[in-house]
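Enquirer: A single structure is presented below for examination.
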Amino acid sequence: MLAFNLEYYKPKTIEEAVECFFLLKKENKRAIYYSGGTEILTLGRLNLLQMDAVIDIKSISECLEFNFEHNQLIAGAALSLTYIEERNYFPLLSTVAKEVADHTARNKITLGGNVCGQIFYREAVLPFLLCDSNVVIAGEGGKETASIHQIFNGAFQLEEGQFLIQLLTDQEYITMPFASLKKRQQWETGYPLITVSSIKVDNRLRFAFSGLCSFPFRSTEMEDALNQANKSLHIRIQQAIDHIPAQVLDDIEGSREYRLFVLRNTLEEIITELEGEG
Amino acid sequence: MTEKIAIPLNVNGEIREVVIRPADTLLDVLRNELSLTGAKPGCLNGDCGACSVIVGGTVYKSCIMLAVEAIDSKITTIEGLKNSPIQEAFIKHFAFQCGYCTPGFIINIQALLEKHSNPTYETIKEWLSSNICRCTSYEEIEGAVFSVVEKSSDE
Amino acid sequence: MHIIGKGIMRKDSLEKVTGHAKYTADFESKKMLYGRLVTSPHAHANIKQIDTSSAEKINGIRAIITGENLPLTGEEMKDRYPIAKERVRYYGEVVAVVVADTPFQAMQAAEAIKVNYEFLPVVNSPSEALKADAPLLHPDLENYEKINMVYPVPGTNIASKTKIRKGNLEKGWQESEVIVEEAFAFRPSDHAAMETRAVFAQIHPDGMIELTASSQAPFMIKRLIADYFNVELGRIIVNTPLVGGAFGGKASVQLELLAYLATKAVNGRLVKIVNEREEDMVTSPGHIGLEAQVKLGCTKEGILKAAEILFLWDGGAYSDKAIDLSRAGAVDCTGPYHIDNIWCDSLCMYTNHPFPAPFRGFSHSEVHFAFERTMDVLAQKLNMDPLELRARNAILPGHTTPTQVVLNSSTVGNLPECIRKLKMLLNWEEGQVIDVGPNKVRAKGVSCVWKTSTIDPDASSGVILTFNKDGSINLISGVVEIGTATKTVLAQILAEKLKMDINEIHVQMGVNTQSTPEHWKTVASRGTFMAGRAVLTAAEDVIKQLKSLASFLLRASTEDLEVGYGKVYVREEPKQYIPIKEIAYGYSFPEGLSIGGQMIGRGTYILRGMTHLDKETGAGRPGPEWTVGAEGVEIELNTRDYTYRVLKAVAVIDVGKVLNEKTALGQVKGSMSMGLSFAARETFRFDREGRVLNPQLRTYRPLRFGEHPKYEAAFVETPHLDAPYGARGVGEHALIGMPAALGNSLSTALSVKINYLPMIPEVLWKMKERGK
């Protein structure tokens, strides 16, 4: 149960959704775009998130698209993670999505909700960071498309009233060799200690991380270090660790030192696997 | 619109009109407005699965779903299941003790079997790890599921 | 025997698989008001001010209750206000209760109450609590009212101290050729029963106080409310419907007191309070933590000579059941071994942590983790097979316990036979560690267990049997159906005794303390034993009544009659009989004259021969019998990254007699599951300020489907002569050895001592690579 009241809107078009947001704003009401809503309801119950209205985007057809067009995979923000897994158009995304929460929860959790969430793991963004995907967003100024690298910096940098419509990924990236590992405190349930995803593009490995710092990221400095073919794996990994862009997390899932231990092992596993492939 | 609203819900084959706050979760509405108390509150946080119900053929945790989201869908709660093989299998395999998580497990398994008539162990595990049972060892639940799967694949 | 031992279908089956089973929170009424707690976000602080003014303005608010003019409460020592007064001592402690027309209004008002706190230094562990300069949590300790066997040390944070002094420790050390000493620690955790605690209460116009509570102890709720609030016992009625898991956590009386205060504050109107998960985990009592030191000495042959043990229990902010828990840990402090010289100090410490309730096993998995891990360390030092060391010291008839009870076969069962079976089931001979490379080993670890149930010496259980006109029987017992199927087993006992169809026995699942005879508390694996004995007595009573009436009708003396198969018949001439249904409601002659009336059987059982423990030595008889067992686990460990899986868990328990094969297996396997979950994953995570950082099932993670190992359970049957058909308690015992067995397997696999819980890979990594 939420400790506050809500207005609920379910627009059918992008324009209606944006209009709704700004109309509410005029009435001094804080609205939130609502996709799966799982995080809004869990944080709202604890009063960690307050709002006056939610705008459900699950009836907007663009947000539900999942298909290839012009050699691009269009993935709508309102797709549930299990839908994405079952279609399996994007195997790396399926692999990462499958590790989020649990199966029943993933029937409700959506792509857009996961990558735009407050809970900072946002693991489903990793494949898109690796594939230099584009992002379609809508707001007061209409629809626009931008590179994910412009608009995602730990979290989506959206302006007031903007929301995520789709993620666009070049088909060629989707077929590239990949690996993704989620390591947890214990066994197979729970938030990650770290999640590391990687793809191999033109014989070079790309890496993106969640759970290592308090935001998910891809780091070219770390990639440079990890791709030094002439150095030992041990040195490559150590130099990558020296380039972690922010403080490594130290929390109830695991200590900083232990996370680094797990990171070393995980990088070793992934590199061994992907460099083994032609 | 912060006032209460009247909405129709299609629950277990009946259209029921309920007057609710838009902020009410489906779990609250099922239990408090419709007296369908089979779905249980266990965490209200989407973690335990005791409140699972089937909405439009998909299993959801009703504590992390607004009732208004279910307006146009068929909702099946544990009370809507009658003599399903998995219910009988739960009895035979002693797949419950306190019984509190049981409706959620049974609903989840029902949804699983409707989607996969002959699921692999990996699929069963992926689905059933959405629910927590604190009394049994899970082996009993595993036994119940296997018994139903084996039967249906014989047919 | 026609029905004992069989896997009879549970009597609550259909209710539970159809969603119609009703638990406390499922009951609703239009008349209901709703209570909501305001809890402390700090572990230790003075309450400077509580501002309820904006909350009072919210529509539908009927009362706001704060901690003034309330009595001190506590089951063994009264040290806790049901709502904090002036000071909070743990994160999640109740500071106010709001009562409103709807749950939503109550929630809004609870959010609107502003409490001003002044922080106090936090005591964050029992060893910190023991320090000379530790902040004193209860300066009034010496003035608290307490019961027998509670020994606080005023001026310290020691809520109670239990001493075990058996034999002569100095002599023990002199006889010892090999000595080891180990230290252990783990933090408080939780039961995480799937049903959070719930209660509703009202006071009727005639003054009758009626509560419905999700509880293992409805009769104790009644007693304690009478005691704390000075109410006549007979004016309190407690109902308990089905309970959604308890594991000891619902044996404590806490939320019920708030419901009583809430209804009182609104002139007796019906008020319901349901814990949210977060409150259930930290505000209501949880699972105790422990720091322990164990020193053991033995001869070169591995014969134990001395045990010196210190327990510092994390008793939390208030003593309630913690004192009893610290006493129970002392009683069986050594594991099931014959040791002549034992010294144990068991200190129940106050800390700024949530306070504990009983947890399945009642301190035994906790002390066994410490003791049985030390046994493995000793075996290693002796270079002896750890199971062999255990077998050599196994407690046997004729030996004495730490509290100097002389045992016999009935009271102690057969531990060597359990060990022998375990060896086979665990394929022990193939070796304890097997390299299955690369970077992978399989390893086995074992633990022996024992437990007696240290319940009140005057605890009793009653049963009433009433006949229906068709000859079927209603079985009414005060045991709460918490999931253990005890009421199904009671029906089996009755069916066996009366040689009747179990389908003709109708079990009353719920408890109403006014119409149901008392069963002390549904705890300590006592349901089957005590209520089972009461069933047998009630059955005898019924048989006597049936024979007496039939004797007159059959013209045969009662000595020549038998009862069974729905009849009373002449032993020698079974064809000469009268159907029970013709006399169950009395007998009517053809002309209408009638005699008898509805037959009602009654039975009651009180435990025999238990005594208080001596203050200086601990000597005394704490419980009626011990259940013993031997357990093991097999794991597969990745030695590179310290991840592991539990492949198999085995328990061999001397249960005396299996009454229902399926439910007994369910108890044993369920216990193992809970024990592994506790050992490998569950703990509260505290920050430096004593706040619990993971009071949700998302971050506090019980075992899930697919993470479970293969379970094997086997039974030994050495009858406990006092018990129905010889059955011993079995609800908890398989949990007890799991933490130690897992710890022993991991320690052996890694050649390093793993003495901390939970045993997550990070702990293994730290111990192995950092040695800390």
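Enquirer: Between A:S214 and C:D458, what FRET efficiency follows from the Cβ-Cβ distance if R0 is 41 Å, with the result rounded to 0.05?
Expert: So, using R0 = 41 Å, E works out to roughly 0.10.
Enquirer: How large are Rg and Dmax for segment B:81-154 when only the alpha carbon atoms are used, in Å?
Expert: Cα radius of gyration and Dmax of segment B:81-154 are 11.0, 32 Å respectively.
Enquirer: Let me ask something else about it. Once you compute Rg and the Kirkwood Rh from C-alpha atoms, what is the Rg to Rh ratio for chain A?
Expert: Rounded to two decimals, Rg over Rh is 0.98.
Enquirer: Quote the FRET efficiency, to the nearest 0.05, computed for C:Q174 versus C:T617 with a Förster distance R0 of 22 Å and r equal to the Cβ-Cβ distance.
Expert: With R0 = 22 Å, the Cβ-Cβ based efficiency is 0.60.
Enquirer: Restricting the calculation to Cα positions, tell me the Rg (one decimal) and the Dmax (whole number) of chain C in Å.
Expert: 27.1, 92
Enquirer: Grab the Cα-Cα distance for C:Q514 and C:S548, subtract it from 0.36 nm times how many residues apart they are, and report the gain in nm with one decimal.
Expert: Result: 9.3 nm gained on full extension.
Enquirer: Now for a different question. Just going by the charge dipole of segment A:176-276, with Lys and Arg at +1 and Asp and Glu at -1 on Cβ, which of A:V201, A:Q247, A:N265 is farthest out on the positive end?
Expert: Among A:V201, A:Q247, A:N265, the one farthest towards the positive end of the dipole of segment A:176-276 is A:V201.
Enquirer: Excluding C:K469 itself, calculate the net charge of residues whose Cβ lies under 11 Å from the Cβ of C:K469, where each Lys or Arg counts +1 and each Asp or Glu counts -1.
Expert: It works out to a net charge of -1.
Enquirer: My understanding is that a pair violates if its Cα-Cα distance is over 30 Å; which of A:K98/C:K423; A:K29/A:K183; C:K295/C:K451; A:K183/C:K444 do that in this structure?
Expert: A:K98/C:K423; A:K29/A:K183
Enquirer: What number, in percent, do you get for the relative contact order of chain A if the mean sequence gap of Cα pairs under 8 Å and at least 6 apart is divided by its residue count?
Expert: 14
Enquirer: Could you order peptides C:90-97, C:443-450, C:608-615 by the average number of other Cβ atoms within 10 Å of their residues, highest first?
Expert: C:443-450, C:90-97, C:608-615
Enquirer: Let me ask something additional. What would the Debye formula give as log10 I(q)/I(0) at q = 0.14, 0.23, 0.25 Å⁻¹ for the alpha-carbon point model of segment A:7-56, no solvent?
Expert: At q = 0.14, 0.23, 0.25 Å⁻¹ the computed log10 ratios are -0.33, -0.81, -0.92.
Enquirer: Please compute the average number of Cβ atoms from other chains found within 10 Å of each residue's Cβ in peptide B:104-111.
Expert: 2
Enquirer: Express the relative contact order of chain C as a whole percentage, based on alpha carbon pairs under 8 Å and six or more residues apart in sequence.
Expert: 16
Enquirer: To continue, here is another question. In square angstrom, what is the accessible area per residue of the protein assembly as shown with a 1.4 angstrom probe?
Expert: Per residue, the protein assembly as shown has 35 Å² of solvent-accessible surface.
Enquirer: Please list, in order, the residues from segment C:505-547 whose amide nitrogen is less than 19 Å from a point placed 7 Å along the Cα→Cβ vector of C:T558.
Expert: C:535-547
Enquirer: Another question, if that's okay. Roughly how many debye, to the nearest 20, is the charge dipole of segment B:81-154 about its Cα centre, given +1 on each Lys and Arg Cβ, -1 on each Asp and Glu Cβ, and no other charges?
Expert: So the magnitude is around 240 debye.
Enquirer: With Cβ to Cβ distances under 15 Å as the rule, what net charge do the other residues near B:E126 carry (K, R +1; D, E -1)?
Expert: Net charge around B:E126: -2.
Enquirer: While we're on this one: Between C:I595 and C:K48, what is the spin-label point distance in nm, taking each point 7 Å from the Cα along the Cα→C-beta axis?
Expert: Rounded to a tenth, the inter-label distance reads 8.3 nm.
Enquirer: If you don't mind, there's one more thing I want to ask. Would you calculate a helix-derived [θ] at 222 nm for the protein assembly as shown, using -39,500 (n - 2.57) for each DSSP H run of n ≥ 4 and dividing by the full residue count, to the nearest 500?
Expert: -8000 deg cm²/dmol
Enquirer: Tell me the net charge near C:F371. Cut-off is 12 Å between Cβ atoms, C:F371 excluded, with +1 for each Lys or Arg and -1 for each Asp or Glu.
Expert: The answer is -3.
Enquirer: Starting from a Cα-only point model with no solvent, please compute log10 I(q)/I(0) by Debye for segment B:1-68 at q = 0.27 1/Å.
Expert: So the normalised log intensities work out to -1.30.
Enquirer: Here's a follow-up. What ratio of Cα Rg to 2.2 N^0.38 Å holds for the protein assembly as shown?
Expert: That ratio works out to 0.96.
Enquirer: Would you mind calculating the gained length between C:L233 and C:D470 on full extension (0.36 nm times residue separation, minus the Cα-Cα distance), in nm to one decimal?
Expert: The span from C:L233 to C:D470 would gain 81.7 nm if fully extended.
Enquirer: In addition: Using the scaling law 2.2 N^0.38 Å as the reference, what is the normalised Cα Rg of segment A:61-173?
Expert: Dividing the Cα radius of gyration by 2.2 N^0.38 Å gives 0.97.
Enquirer: Quick one: which of B:97-108, C:70-81 comes out on top by average Cβ neighbours within 10 Å, and what's the full order, highest first?
Expert: Final packing ranking: B:97-108, C:70-81.
Enquirer: Further, regarding this structure: Straight-line reach only, C-alpha to C-alpha below 19 angstrom: list the lysines that A:K25 could link to, leaving out same-chain residues fewer than 8 apart.
Expert: Partners within reach: A:K10.
Enquirer: Check cross-link reach from C:K499 to the lysines: straight Cα distance under 23 Å, and skip same-chain residues fewer than eight apart.
Expert: C:K6, C:K11, C:K469, C:K487, C:K544, C:K547, C:K567, C:K575, C:K581, C:K657, C:K662
Enquirer: Just to check I understand the Karplus step: with θ = phi - 60° and J = 6.51 cos²θ - 1.76 cosθ + 1.60, what whole-Hz values come out for segment C:595-608, glycine and proline as x?
Expert: Per-residue couplings from phi come out as 9, x, x, 4, 7, 10, x, 9, x, 9, 9, 10, 4, 10 Hz.
Enquirer: Follow-up question, since we're still on this one. Based on the Cα gyration tensor of segment A:1-84, what are the three equivalent ellipsoid semi-axes, each the root of five times an eigenvalue, rounded to whole Å and given largest first?
Expert: Here the semi-axes work out to 27, 17, 8 Å.
Enquirer: A further question follows. With r defined as the distance between the Cβ atoms of C:L14 and A:R87 and R0 fixed at 45 Å, what FRET efficiency is calculated, to the nearest 0.05?
Expert: The formula returns an efficiency of 0.65 here.
Enquirer: Could you pull out the pairs from A:K182/C:K768; C:K497/C:K615; A:K12/B:K74 whose alpha carbons sit more than 32 Å apart here?
Expert: Flagged as over cut-off: C:K497/C:K615.
Enquirer: What is the dipole size for segment C:458-501, taken about its Cα centre, with +1 at each Lys and Arg Cβ and -1 at each Asp and Glu Cβ, in debye to the nearest 20?
Expert: 100
Enquirer: Ranked from highest to lowest mean number of other Cβ atoms within 10 Å per residue, what is the order of the peptides C:754-766, B:130-142, A:159-171?
Expert: B:130-142, C:754-766, A:159-171
Enquirer: Using alpha carbons only, how many degrees (0 to 90, rounded to 10) separate the axis of helix B:139-154 from the longest principal axis of chain B?
Expert: Tilt of helix B:139-154: around 80 degrees.
Enquirer: Roughly what would the spin-label model give for B:E3 and A:E188, points 7 Å off Cα along C-beta, in nm?
Expert: 5.1
Enquirer: Something else: Pull up the cross-link candidates among the aspartates and glutamates for B:K82, meaning alpha carbon to alpha carbon under 16 Å and not fewer than 8 places away within one chain.
Expert: Counting by Cα, and skipping residues close in sequence, B:K82 has these aspartates and glutamates nearby: B:E14, B:E114, C:E15.
Enquirer: Rounded to the nearest whole Å³, what is the per residue volume of the convex hull around the Cα atoms of chain B?
Expert: Taking only Cα atoms, chain B has a hull volume of 104 Å³ per residue.
Enquirer: Considering only C-alpha atoms, what is the centroid distance from segment C:80-109 to segment C:445-473, in Å?
Expert: 36
Enquirer: A further question on this structure: Within 10 Å of each Cβ of C:706-715, how many other protein chain Cβ atoms are there on average?
Expert: Averaged over the peptide's residues, the number is 4.
Enquirer: List, in order, the whole-Hz ³J(HN,Hα) value for each residue of segment A:212-222 obtained from phi through the Karplus relation with A = 6.51, B = -1.76, C = 1.60 and θ = phi - 60°; use x for Gly and Pro.
Expert: Listing the rounded values in order: 7, 10, 7, 7, x, 7, 10, 10, 5, 4, 5 Hz.
Enquirer: Also: Where the accessible area of segment C:253-393 is counted over protein heavy atoms with a 1.4 Å probe, how much of it, in %, is carbon and sulfur?
Expert: 44
Enquirer: Counting DSSP beta bridges with both partners in the protein assembly as shown, what percentage is antiparallel, nearest 5?
Expert: 80
Enquirer: Still on this structure: To the nearest whole number, what is the average tally of beta carbon atoms from other chains within 10 Å of the beta carbons of peptide C:479-488?
Expert: 2
Enquirer: If I model a spin label as a point 7 Å beyond the Cα along the Cα-Cβ vector, how far apart are those points for C:N427 and C:K381 in nm?
Expert: Simple spin-label model gives 3.3 nm for this pair.
Enquirer: Still on this structure, I have one more. Given contacts defined as C-alpha pairs under 8 Å and at least six residues apart, what's the relative contact order of segment A:25-154, whole-number percent?
Expert: Relative contact order, segment A:25-154: 19 percent.
The values are calculated or read from the model by the stated rules, or taken from the named source; none is laboratory data. Keep in mind that what you see is a predicted model, and the values were worked out from it rather than measured. In this analysis, Cβ positions are derived from the backbone assuming ideal geometry, glycine residues included, and neighbour counts consider all displayed protein chains. Ligands, DNA and RNA are excluded from the accessible area calculation, which covers all protein heavy atoms including side chains. Shrake-Rupley method; radii C 1.70, N 1.55, O 1.52, S 1.80 Å.
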